[in-house]
Amino acid sequence: MTELLVRIFTKGNNTDDRYEFGRMAGMVGLAANLLLFIAKLLTGILSSSVAVIADSFNNLSDAGSSVVTLVGFRMASAPPDKEHPFGHGRMEYVTAMVIAVMILFAGFELGKSSVERILDPAKTAFGIVSLIILAAAILGKLWLARFFRNIGKRIRSRALLAAAADSRNDVICTGLVLVSGVVGWLTGIGLDGYIGVLVAGFVMWSGISVLRGTISPLLGQAPDAELVSDIKQTVLGHKGIIGIHDLMVHNYGPGNRIISLHAEVSSDEDVMLSHDLVDCIEREMVEKYNAVVCIHMDPVDTEDDRVKALQTLTEGILKEIDPSLTLHDFRVVFGETHTNMIFDVVVPFDYKKVKELCDDLQQRVWQTDPRLFTVATIEHSFT
């Protein structure tokens, strides 16, 4: 069914056209959730079940979420402009956040209605028709969850994956409502309000989870460890690149990245050849990662044995202080009375002794040679 919808509503199977896929998913979700809302609302009214009525309005909020998804994909597909030179891709994250808020609101309303039913019990009129409608709703939501998940993974959309999670939770919610209705129908035990509270808690937890997953990329989360490792291997795989540092990955929406880094090259190499090498690496990365890539070229002295010896000494002292510490951009200014070693020290974000680090490093260097002075700049790892 999913592939049939893809062929009908999109231009073939081109996942580059995110708007076409997003529009299709929004339209399918809107139609399905409106149908489920009407069916459940009528069932809830006929059976006098607050849980079923509340569950129907949960589907109505899902229909609203589908409208938000349609609008979000439309805005995210807008080309870059003067005010937003890197495009509007982050609108998908905003869309997912709005969906999360709607899920939270639906959970709150469901919980309030359920508590009222516990305080003021009422007999339900659950019957075979209600059972069939709710069972059909469960099957419909199972398909919708799978549909959203497949399309969401295909185009790497957090908004659609959030909608898939919401649909999955609806299956659980409706299942609980169905169980409570059947139990009440067969035994006369009133579980309607209590089941409604459980469902409300589950819905609200789902909303919080979705909200956390959307706020993080908007704030600028760290890139995936696998991506960082692959970028390093790609750059260092070229002969002539000695090392890399200051790697940063900026996410401006799914499939829209900016990658920047510093690549170390030998200072004895012809600058034009090194520049050509860096240009070639940039072009390779643009194709591989579908990203804007900027590489800064850092010349490194690889021939002066004195510089290499001092760098090895400093690296060894840093490892003694903490194995997680690294350095880059190491250079030396030799003098008659003293020698300055100038470099950057990279520390993890959770490093606790940043203030003491420079003093500790200098004292250990002086134990080796009192004429050596460290001029260290502390920076946190971006990855």
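The values are calculated or read from the model by the stated rules, or taken from the named source; none is laboratory data. Fair warning: this is a prediction, and the values are worked out from it, not measured in the lab. So basically every Cβ, Gly included, is an ideal-geometry build from the backbone, and we count neighbours across all protein chains shown.
When you look at VAL177, is it assigned to a helix (DSSP H, G or I), in contact with a helix residue (DSSP H, G or I) (Cβ under 7 Å, 6 or more places away or on another chain) and within 26 Å of ALA31 (Cα to Cα), yes or no? When the stated conditions are applied, VAL177 passes them.
Note on region 226-265: residues that are part of a strand (DSSP E or B) and out of contact with any Lys or Arg (no Cβ under 8 Å at 6 or more places or on another chain) total 13.
Mind listing whichever residues of region 58-96 are surrounded by fewer than 18 Cβ atoms within 10 Å (Cβ to Cβ), of a type in the set (A, V, I, L, M) and either farther than 20 Å from GLY207 by Cβ or touching a Pro at 6+ places or on another chain (Cβ under 8 Å) (or both)? Of everything in region 58-96, those that are surrounded by fewer than 18 Cβ atoms within 10 Å (Cβ to Cβ), of a type in the set (A, V, I, L, M) and either farther than 20 Å from GLY207 by Cβ or touching a Pro at 6+ places or on another chain (Cβ under 8 Å) (or both) turn out to be MET75, ALA78. Of the listed requirements (1) closer than 30 Å to THR95 by Cα; (2) among the charged types (D, E, K, R); (3) not assigned by TED's automatic domain parsing to the domain that holds ASP230, GLU287 misses just one: (3). Scanning region 345-368 for residues that are in contact with a strand residue (DSSP E or B) (Cβ under 8 Å, 6 or more places away or on another chain) and modelled with pLDDT of 90 or more yields a count of 9. Looking at GLY196, GLY201, just one residue is in contact (Cβ under 8 Å) with a residue 40 or more places away in the chain, part of a helix (DSSP H, G or I) and either surrounded by fewer than 16 Cβ atoms within 10 Å (Cβ to Cβ) or not assigned by TED's automatic domain parsing to the domain that holds VAL52 (or both), and that residue is GLY201. Taken over region 272-302, the residue count meeting the criterion of being modelled with pLDDT of 90 or more, of a type in the set (Val, Ile, Thr) and over 20 Å from PHE86 (Cβ atoms) is 2. Per the conditions (1) within 18 Å of LEU42 (Cα to Cα); (2) at pLDDT 85 or above; (3) among the hydrophobic types (A, V, I, L, M, F, W, C); (4) within 30 Å of the chain's Cα centre (by Cα), the sole criterion not satisfied by PHE148 is (1). Based on this model, can you work out whether GLU109 counts as among the acidic types (Asp, Glu), within 24 Å of SER157 (Cβ to Cβ), assigned by TED's automatic domain parsing to the domain that holds PHE202 and part of a helix (DSSP H, G or I)? Here the answer is no, as GLU109 does not meet what is asked.
Looking at GLU315, GLU282, GLU287, just one residue is exposed (fewer than 13 other Cβ atoms within 10 Å of the Cβ), without any contact (Cβ under 8 Å) to a residue 24 or more places away in the chain and of a type outside the set (Lys, Arg), and that residue is GLU287. For region 318-351, filtered to residues that are of a type in the set (S, T, N, Q) and farther than 16 Å from ARG371 by Cα, the residue that is surrounded by the fewest Cβ atoms within 10 Å (Cβ to Cβ) is SER324.
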